[in-house]
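Working notes, structure below.
What follows is calculated from the coordinates using simple rules that are stated; it is not laboratory data. A quick note: this is a predicted structure, and the numbers were derived from the prediction, not measured. Please note: Cβ atoms are built from the backbone with ideal geometry, for glycine as well, and neighbour counts cover all protein chains shown.
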Amino acid sequence: MMTEPHIFQAFDRDLEAVQALIMKMGGMVEAAILDAAQALETRDEELAEQVRRNDAAIDALEERIQAEAARLIALRSPTATDLRTVLTVIKIAAALERCGDYAKNLAKRSVVLGQLAQVGDSTGSIRRMANAVELLLKDALDSYIHRDAQLAADVRQRDREVDQMYNALFREFLTHMMEDPRNITACMHLHFIAKNIERMGDHATSIAEQVIYLVTGNLPEEPRPKADMTASSIGMPAQGAD
Amino acid sequence: MDDIRYADRIVSADEVKIAARKAQVYYGTNHALRDVDVDILGKTVTAFIGPSGCGKSTFLRCLNRMNDTIPGCRVEGKITLDGQDIYDARVDPVQLRAKVGMVFQKPNPFPKSIYDNVAYGPRIHGLARSKAEIDEIVESALRRAALWNEAKDRLSSPGTGLSGGQQQRLCIARAIATSPEVLLMDEPCSALDPIATAQIEELIDELRAQFSVVIVTHSMQQAARVSQRTAFFHLGRLVEYGETGQIFTNPRDPRTESYISGRIG
């Protein structure tokens, strides 16, 4: 990685400023994920409302990052690592923005679920899954700021754990729905939440892949490890159980 | 990285026009260029970039033996054009320079008419037998240099009366009038405004259909825009040579990266 400064120092200031925005956005998205999951578990409508309101700020930050990146390209004609930095900034901001939307959606559904009966300990499982994803996202962003391709590769591998948590929840929800059809409404919402958290894991992975591109100049070649089996399973709990 | 511009005109990476092996240049005791190995491809624009004093212009001038005229300058190693050693004692440097033309930083038209500027080369090299043939060469060279429309009604007025950008295109017309195989350009746009620069760049891109063009430039963006291959020189050495897209997005050598991204290196 290039650590030496540019001769024209305003270039460094521009690059640092746009990356500081990414870190700020990352912090807001991480907080949104944790808060939304907590609002779901503790049935805290006010916290859920706050997550929904904050998403507008996340979206605004993404727009600002895209504008700053466009400006950098137009005014500084970045090359090599500088160019890859700007390209990754654009992609990471888009990935974070999606994660923010999923957190907002989680918060919305938590308000609905607050009016329905609890389904086992599923909200606890969801919170654990959200915690795992938040950690994944945090490590992906750390790998970005430290230009740590090793940590990024590690994040890519660990997305599998989130996929496995999702598989387990998928089966759990099916079981609850078959046991008692009155659980169906809640379980449908819970399933969307779990799926969205699983997608956040995919976005953390794509951030990690951007870091590998930024550091090495190439995207990772080997296919990403996938453990989400639900797309190809017929989902009967008895058959799906391990 | 694949360069989509290759799709326009199929360029064979095997077609080596100029090859240098262990090329060395000394100015007296100063070892200005060391161990340069490079294959310059046919029908390709190759850019030489690097900080001042890095040896890029020195190397460019080796390619048509312009360094011969500098007292105390000595060239070692091997440089071949189509496989033939250009420093061989049997090679006539004047004939060589008809094949390997050159355009300089500052437009330097002869203090003659536009017509005579372009006709000069073909005449001294005996490329035409009649006035009609010379006329034809002049028109064709001026057309290829994108100057014909502006110059056709004033062919007998002095070349020095043209604008800077037109003068540079006149110099290019003069250089291509002898039907060279390689065109060397030493910062051809550094004295020109952006419009004239764009016209020269467009011209370079068109000339690529017929010649190899080797351009020395201090503008990294110009190198990125016009060339398919880029060579980075630093402290008298060729540090990195590769496909231009690769050099500007993912250079392999940290010195190249430092230079092209405007860092201290």
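Annotations for the structure displayed:
- Total formal charge among the other residues, if their Cβ is under 15 angstrom from that of residue B:131, Lys/Arg +1 and Asp/Glu -1: -3
- Estimated [θ] at 222 nm from DSSP helical runs (n ≥ 4, -39500 (n - 2.57)) normalised by residues in chain B, nearest 500: -9500 deg cm²/dmol
- In degrees, nearest ten, helix A:9-42 long axis to first principal axis of chain A (Cα): 10 degrees
- Across the range B:26-165, C-alpha contacts under 8 Å between residues 6 or more apart give a mean separation that, scaled by the residue count, equals a relative contact order of 20 percent.
- Pairwise FRET efficiency - residue A:24 versus residue B:37, Cβ, R0 = 60 Å, nearest 0.05: 0.75
- At most 11 other Cβ within 10 Å, DSSP loop - trypsin sites (Lys or Arg not before Pro), the range B:68-104: B:90
- The range A:171-214 residues near the modelled residue A:229 label - backbone nitrogen below 15 Å, point 7 Å along Cα→Cβ: A:171-172
- 0 to 90° range, to nearest 10: angle between helix A:184-216 axis and chain A longest Cα axis: 20 degrees
- Restricting attention to chain B, the count of lysine pairs at 8 or more positions apart or across chains with alpha carbons under 24 Å apart stands at 21.
- Against chain A, whose longest principal axis comes from its Cα atoms, helix A:45-76 is set at around 30 degrees.
- A simple count of charges around residue B:150, restricted to other residues whose Cβ falls under 15 Å of its Cβ and scoring Lys, Arg +1 and Asp, Glu -1, yields +2.
- From phi via Karplus (6.51, -1.76, 1.60), per-residue ³J(HN,Hα) for the range B:241-256 in Hz, x at Gly/Pro: 9, x, 4, 4, x, 5, 4, 8, 10, 8, x, 8, 9, x, 5, 4
- Under 15 Å, Cβ to Cβ, from residue B:87 - net charge with Lys/Arg +1 and Asp/Glu -1: +3
- Legend: calculated FRET efficiency, residue B:202 to residue B:120, from the Cβ-Cβ distance at R0 = 22 Å, rounded to 0.05, equals 0.30.
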